[in-house]
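The values are calculated or read from the model by the stated rules, or taken from the named source; none is laboratory data. Every value quoted in this text rests on a predicted model; they were computed, and no experiment measured them. In this analysis, Cβ positions are derived from the backbone assuming ideal geometry, glycine residues included, and neighbour counts consider all displayed protein chains.
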Ligand SMILES: NC(=O)C1=CN([C@@H]2O[C@H](COP(=O)(O)OP(=O)(O)OC[C@H]3O[C@@H](n4cnc5c(N)ncnc54)[C@H](O)[C@@H]3O)[C@@H](O)[C@H]2O)[C@@H](O)CC1
Ligand SMILES: Nc1ncnc2c1ncn2[C@@H]1O[C@H](COP(=O)(O)OP(=O)(O)O)[C@@H](O)[C@H]1O
Ligand SMILES: [K+]
């Protein structure tokens, strides 16, 4: 499990540790890790041209001390301050003592640029002086962010205005949620964690890894039969959107339930059977429902009355009543994309996209449900445990029908007995992995995602 911690939590852990260690120890550890990463990214340290963008706080201090280490190894290191009157004094002395220099403008050429403008003390977007330096980063230079790319909100991943776009982020002590959640995540590049010895409490966000998913996947045992494995009911598709039903069934068949039942118009049922003859047709007992993809009518109400887990997606999300969901005795899982989430919250779509973490938390609170918010970083929140951030996926997934496959898959996992948050986060993980496999750099269509799910399943189970 990759875990991430809010600024408040990191600061508290740092205070606690600093009280027990000689002054400057933590910054020395951070700078050593940063310098080692930079050295690894350069073909040769000796003679390399390194530029440090230096802000007024300790993030600038990290960059200066790391620059001093690199200068001692023969690199040409130039520090460019955001505010010439405010640079970490110890860091500046160390850099100058090691032969580095200070300049008022960003040199036109560099092999590597260290972004030490802002760390976890950054608030709001980059102010003009900082933004002007970022604009001048020489093309072709490798950009390494200290702790996090300046301009990214550490707690949420939000970016207001300009922000550094790093190739590598060397983060200190703990991952911050903003490094895992877009748009911040896409500014961070590859993230490396430097251990500075912090003792941390429960995380604020977490991202499953292969081993975590493998541990959650349902697996039949010797005593299993198809009913014990769980039956998932799919209420989806309409004369207008028959394909949504086929795709949801395609996802559900690969999700670990013992059987998939389709409930809907006869013509749609025939389309489902033509592609998947193993589907059961018509009402019957199920261990979980999926309702919504391509629905176009009011079949949702009956499903919500059933005291089994229900996943509500797409058309099923329209006009949902928070009270009705809160009154349910079994878990509910909502899987909106940003547009649907915006309608559920009564805000604009841009607001959801700019503040994904706040949006998913607000939805879970308001509807008393587990919420999987789709998009470039899929988030899962049940209102209590840490938010789960999905680390897999590819922008190629932004293709019609891929969400239907996801809802079938997650519903199947619910029927197999996973909790709402586990079903949602495991489904998002496998779906994203399958899409990466199926796309491998070329357009993909939703059916291929479903077809790649068994391979993704095997991948996560391979140690
Ligand atoms: N506290 C510790 O023990 C450690 C801290 N470390 C480093 O210290 C960083 C935090 O240092 P600070 O608390 O000094 O904070 P920062 O260095 O992140 O920035 C704070 C300064 O930036 C200014 N500022 C804030 N938002 C701005 C904006 N949008 N545009 C322009 N200027 C802005 C503030 O006025 C303040 O002077 C961490 O991110 C990490 O890099 C590491 O050295 C590890 C140990
Ligand atoms: N930019 C993106 N990067 C990665 N994944 C994306 C992106 N945009 C959408 N997705 C994923 O693609 C799927 C699209 O689902 P959805 O919007 O419901 O489409 P549809 O309704 O056509 O099935 C979701 O799994 C979502 O997380
Ligand atoms: K930074």
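Quick notes on this structure:
- Entry remark, region 236-245: residues being surrounded by 24 or more Cβ atoms within 10 Å (Cβ to Cβ) and over 13 Å from residue 407 (Cβ atoms) number 0 in total.
- Qualifying helices (runs of 4 or more DSSP H) (wholly inside region 222-282; at least 1 residues being without any contact (Cβ under 8 Å) to a residue 24 or more places away in the chain and on the phi < 0 side of the Ramachandran plot): 266-275
- Members of region 128-172 that are away from ligand 3 (no atom under 14 Å from the Cβ) and in a loop (DSSP other than H, G, I, E, B): 136, 138, 139, 140, 141, 155, 156, 157, 158, 160, 161
- Residue in region 80-90 that is surrounded by 22 or more Cβ atoms within 10 Å (Cβ to Cβ), assigned to a loop (DSSP other than H, G, I, E, B), within 15 Å of ligand 1 (Cβ to nearest atom) and in contact (Cβ under 8 Å) with a residue 60 or more places away in the chain present: no
- Among the residues of region 91-117, just one is over 10 Å from residue 51 (Cα atoms), assigned to a loop (DSSP other than H, G, I, E, B) and within 16 Å of ligand 3 (Cβ to nearest atom), namely 117.
- Scanning region 388-423 for residues that are closer than 11 Å to residue 216 by Cβ and either part of a loop (DSSP other than H, G, I, E, B) or touching a residue at least 60 places away in the same chain (Cβ under 8 Å) (or both) yields 413, 416, 417, 418, 419, 422, 423.
- Among the residues here, residue 141 qualifies as surrounded by 13 or more Cβ atoms within 10 Å (Cβ to Cβ), away from ligand 2 (no atom under 16 Å from the Cβ), farther than 17 Å from residue 59 by Cβ and under 28 Å from the mean Cα position of the chain (by Cα).
- Of 372, 406, 397, 413, all but one fail to be more than 9 Å from ligand 2 (Cβ to nearest atom), at pLDDT 95 or above and either in the same structural domain as residue 254 (by TED's automatic domain parsing) or surrounded by 19 or more Cβ atoms within 10 Å (Cβ to Cβ) (or both); the exception is 413.
- Residue within region 24-37 that is surrounded by fewer than 19 Cβ atoms within 10 Å (Cβ to Cβ), within 13 Å of ligand 1 (Cβ to nearest atom) and not in a helix (DSSP H, G or I) present: yes
- Selection from region 161-188 of residues that are without any contact (Cβ under 8 Å) to a residue 40 or more places away in the chain and out of contact with any strand residue (DSSP E or B) (no Cβ under 6 Å at 6 or more places or on another chain): 161, 162, 165
- On inspection, residue 151 does not qualify as within 16 Å of ligand 2 (Cβ to nearest atom) and buried (at least 21 other Cβ atoms within 10 Å of the Cβ).
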